[in-house]
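What follows is a single structure, written as structure tokens, with notes after it.
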Number of protein chains: 6
Amino acid sequence: MTPTIFFLFGFLLCTINSHVVARDFCIADLNSRDTPAGYPCKSPTNITVDDFVFSNFKLGKPNQFNSSVATAYVGNFPALNGLGFSIARGELEEGVTIPLHLHPDTSEVVIAGSGNYTTGFISSDNVVYMKTLAEGDIFVIPKGLLHFGFNSGKGKVSALFVLSHENPSIQIVDLALFGNKLDSSIIQKTTFLDDAQIKKLKALFKGSG
Amino acid sequence: MTPTIFFLFGFLLCTINSHVVARDFCIADLNSRDTPAGYPCKSPTNITVDDFVFSNFKLGKPNQFNSSVATAYVGNFPALNGLGFSIARGELEEGVTIPLHLHPDTSEVVIAGSGNYTTGFISSDNVVYMKTLAEGDIFVIPKGLLHFGFNSGKGKVSALFVLSHENPSIQIVDLALFGNKLDSSIIQKTTFLDDAQIKKLKALFKGSG
Amino acid sequence: MTPTIFFLFGFLLCTINSHVVARDFCIADLNSRDTPAGYPCKSPTNITVDDFVFSNFKLGKPNQFNSSVATAYVGNFPALNGLGFSIARGELEEGVTIPLHLHPDTSEVVIAGSGNYTTGFISSDNVVYMKTLAEGDIFVIPKGLLHFGFNSGKGKVSALFVLSHENPSIQIVDLALFGNKLDSSIIQKTTFLDDAQIKKLKALFKGSG
Amino acid sequence: MTPTIFFLFGFLLCTINSHVVARDFCIADLNSRDTPAGYPCKSPTNITVDDFVFSNFKLGKPNQFNSSVATAYVGNFPALNGLGFSIARGELEEGVTIPLHLHPDTSEVVIAGSGNYTTGFISSDNVVYMKTLAEGDIFVIPKGLLHFGFNSGKGKVSALFVLSHENPSIQIVDLALFGNKLDSSIIQKTTFLDDAQIKKLKALFKGSG
Amino acid sequence: MTPTIFFLFGFLLCTINSHVVARDFCIADLNSRDTPAGYPCKSPTNITVDDFVFSNFKLGKPNQFNSSVATAYVGNFPALNGLGFSIARGELEEGVTIPLHLHPDTSEVVIAGSGNYTTGFISSDNVVYMKTLAEGDIFVIPKGLLHFGFNSGKGKVSALFVLSHENPSIQIVDLALFGNKLDSSIIQKTTFLDDAQIKKLKALFKGSG
Amino acid sequence: MTPTIFFLFGFLLCTINSHVVARDFCIADLNSRDTPAGYPCKSPTNITVDDFVFSNFKLGKPNQFNSSVATAYVGNFPALNGLGFSIARGELEEGVTIPLHLHPDTSEVVIAGSGNYTTGFISSDNVVYMKTLAEGDIFVIPKGLLHFGFNSGKGKVSALFVLSHENPSIQIVDLALFGNKLDSSIIQKTTFLDDAQIKKLKALFKGSG
């Protein structure tokens, strides 16, 4: 038995003596520049179990608007680097709506918690796929499509979201149109909205132009 | 010299005798089901040079609305299977606008032809990136973001588009909202548009609800 | 304004007339053969919103052993096809342990629910990364490494798992060694376990040899 | 309505407060080292619309040899970073030929402009796929195969090329063989060319050996 | 301890009861059509250990030309499906040359056996990288570049090759040019070879035109 | 003919004048941080043929335990960067065993040399796939599964291994369990091993706890 054991140690030794260690994981070094495939890896020295733990994924008490949200993505949880997904959770008080938006290059999977969460997406052939989810239901929103959600019942709604991107972004249609300096006449001809409507929403969303 | 040549033929023979031929290309067999990585390959027998040629990428004469468009994607040009991009071209007469839209999971590269084509996209932090392109300019619209374009000059505009998807789709915001049965009250609360505005556009885009 | 609208419809028409529709999603056709990139897509006709909803992701009442588990992966939720991840959830009663196992080609992200769940993995340089998670903590188990978990507190533990594979598998070390006909002498020399220990565990796990 | 809007801003704030911003694009930082997946991303601060515009994709006046060429690839248009394709265009005067060459790891799609452009590739089973393209025709040259082109008509030929690599290279057979110091005797036995022929072409292409 | 074990079996049962089994491997079903990502998987029923074994990777006795070659790629060894590489081995008698060729979309790694094998590739900037390998040396030929090899010593040469494609192809420059019906005048203008040289080689390689 | 040649040089010139050269290869710069897609590329200046050659892939004389092993992976052979595989070779004297282990995220292909090498893997449904390989046999061990090997005949065994990871790691079950400070009580409940057995192996493998 002894020869084999020493073979083992010899094999490991052979591997370890190199100045590059084998890599089981690639914790993001957020101080380095991102690449199309993710962040460079943090140096393996000084990595501890806490690099794999994220402890801020907690909903605070409801704010003054009775909503709360928490996200875990590579920017605040570097262990997600290279995994290709991230996680968010939220609670919506009664009557709250998540407005029309999309996530570029990202599919979304909703895991419904308590309450009546109604969510829908629109496909590129303009069909509406909408459902009121029961607790525990999972719903898939295909990559990059416009979608929305709202609390359609009594009491609050909670949900967890898995996003197929480790650094996802959100594009909210109202903010994209009315929350910047995009010229009203351009909005008008590219959306067919009336000028008065545009002006009203620009006022609401702090846009100009 | 002879031994080497025969080595060559021997090597080839060895390869060819198998019942699977080496694969230089994978022309889509559109009669088979698509997969997440593209269509199954058409049988290599009977493939001719014409499988690699697409002859319908021509703009017809301007239609009654003075616009014309042509697309080459895997569905009408099976040689694009697995390549990860497709091509479109279009002409817009004076004054014509391409309304606000997005391409899920697809980046777009515009190669401006003649005329003054103004195009813009909005990033997820709500910044507008807009430019009037000169002939020959290339413009990149990042994956999945809302964008638009319009003929901002005299005379017609022509452009060629490369899309980073062999089977791209287009989601036009107006049609997604007003060209189906999506309930007006849901549109209202997810977009903050007034009910009258919604009704007006539903009438225009043949939607109901 | 009218010309643009008709341009829109013309553009769509042009796309739709092809016998291949643009593809926003690829619901798995489980009756077809899997490929290295996932299942072929279900025919787009007859797809409804229910193809995107999974309603069986619910923990039943605790079984006689006070445990329950639910999984959503491509095999029972075809909308996950091509997404590259799947989801599981479980509850462990007080004192229950998840034995040493690994998921080939799959990273695991644990989202801790109520209770005290202690989990750990061992890296290939034999370091143990172990943590007792608080409710809401997220923990990353790098791809393919040996890991385990157990309820280390009072009352039951609940957790949700995201797995970076749409069709993940689980290899439990005890079952791999003792739950089949692998010859005891081979186990002995490849694990250094004593023969009596092997025989005892083969009896427990219904193996022979 | 107000709560929802504030929810929105709260959600965005939550995202923005992190020291890593969500990423809609990854403009190449050409001063950093390339990686197998592309260049690191340029810092998001100071990015303007001009980072997305390439204005040098213009054919100059024909040179003394009546040819002109323009390329847009990641090295001169950093917005192509991570997109996986690049673009070139060219004009060939009457009688001009593009010699036998290949693009390693790159498929080529030709979009024929005016004139009679004849192009062909040879598959690995030695079949010639050759076609004289009409204006507007698209032609696919599968990845990495030997191919060529020439102006086969009257007047000049123009074409646009999409290459499935953001940083494509070109290997011209004559230059590979005769434009360096590769020993004539090695060329002779690996190509079966006569020594006199080799010497003649080495003189033409400035090679030695 | 018992509850845990039953938890185990319960967990497995839960997984197995689905009509899709978790997938550890995807043996190619060569009777189905290839896809851009590989062959569909052979049905898991009836898979035995022999599906993972390839027993024909043996060099026969040297043929009349003193050469022998063996290849293992997905077409004759379906277990390589989806792995992204294949393997070949060969022996060259004294004086034998492997002519100028390339592998589209494939890097090659040579592991030199006995004898003096000289091999070289030419980069796209026309630099020759050539080396005579000692036994045990490994040499990397970057993807898709022209390369060659020859026995430069006494006695025979043996080598093993790993190719970064599970279904690699080989394009031999001489056969591409002279082993088919490609018109001599086209060869002449795309390669600058003299007509007499072309005719001579067409005769040698059984081409016409 | 002259115009074409100058066209060539003009084309190349156009490419070379940019401050980014086209890239045929990406030799790892091991002094930079690894990324999820591999190491940044070494600067193209000063690259010579020796960057593509690895001369340390040789088995030394058998050590005192009659075993020898050699590995070529990106850490000691930077030319493998981005290729997605690495190579190892080994010799086992009579009676030597390679203990139960796995390679995370890595498939293994064994090419048997002389001797009788018996190897086996266990699938996630606990089936043992085991085979004694004849010289020249190839055997595929699917990604991430537990496997082992031993010299089952007379005399020594040699084998070559291709691993589908350019920087593979090895997790040996005994070392993972008994070669560190993992608490014995945790080992006991996650493996069902007896405490005495655990203590015995911890002594053997220098673990504690």
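Brief remarks follow.
- Only helices enter the 222 nm calculation for chain E: every DSSP H run of n ≥ 4 contributes -39,500 (n - 2.57), and dividing by all residues gives -5500 deg cm²/dmol, rounded to 500.
- Surface listing: D:135, E:91 arranged by accessible area from highest to lowest gives D:135, E:91, probe 1.4 Å.
- Residue-level accessible surface for residue A:208, protein heavy atoms, 1.4 Å, Å²: 60
- Cα point-scatterer Debye curve for region B:71-171, base-10 log of I(q)/I(0) at q = 0.11, 0.21, 0.24 Å⁻¹: -0.32, -1.07, -1.27
- Accessible area buried at the E-F interface, both sides summed, 1.4 Å probe (Å², nearest 100): 3900
- Each of residue C:154 and residue F:183 was given a label point 7 Å from its Cα along the Cα-to-Cβ line. The distance between the two points is 1.8 nm.
- Using alpha-carbon coordinates, inclination of helix D:195-204 to the longest axis of chain D, degrees: 50
- Rounded, prolate or oblate (a/c below 1.5 giving rounded, otherwise prolate when a/b exceeds b/c) for the protein assembly as shown by Cα gyration tensor: oblate
- Coil-residue trypsin sites (Lys or Arg not before Pro) of region B:101-169, DSSP, other Cβ within 10 Å capped at 16: B:154
- Listed residue pairs exceeding 19 Å between alpha carbons, taken from C:131/F:181; A:42/F:181; D:143/E:42: A:42/F:181; D:143/E:42
- Accessible surface of chain B [probe 1.4 Å, protein heavy atoms]: carbon and sulfur percent: 53
- The calculated FRET efficiency for the pair residue D:46 and residue B:132, based on their C-beta separation and a Förster distance of 22 Å, comes to about 0.50.
- Taking every C-alpha pair closer than 8 Å and separated by at least 6 residues, the mean separation divided by the residue count of chain D gives a relative contact order of 18 percent.
- Counts of other chain beta carbons within 10 angstrom of each beta carbon in peptide B:154-162 average 1.
- Accessible surface for chain B, divided over its residues, is 35 Å² per residue with a 1.4 Å probe.
- Centre-to-centre separation between the Cα atoms of region C:156-209 and those of region A:163-208: 57 Å.
- Per-residue shielding of F:41-53, expressed as the average number of other chain Cβ atoms within 10 Å of the residue Cβ, stands at 4.
- Share of pairwise Cα-Cα distances greater than 24 Å in chain E is 59 percent (whole percent).
- Angle between chain A longest axis and helix A:2-16 axis [Cα atoms, degrees, rounded to 10]: 50
- Modelled FRET efficiency - R0 56 Å, residue A:206 with residue E:114, Cβ distances, 0.05 increments: 0.15
- Taking 15 Å as the straight-line reach from the Cα of residue B:58, the aspartates and glutamates in range (excluding those fewer than 8 positions away in the same chain) are B:91, D:135, D:137.
The values are calculated or read from the model by the stated rules, or taken from the named source; none is laboratory data. All figures in this text were calculated on a predicted structure; none of them were measured in a lab. When we count neighbours, we look across all protein chains shown, and the Cβ atoms used for this are built from the backbone with ideal geometry, even at glycine. Ligands, DNA and RNA are excluded from the accessible area calculation, which covers all protein heavy atoms including side chains. Shrake-Rupley method; radii C 1.70, N 1.55, O 1.52, S 1.80 Å.
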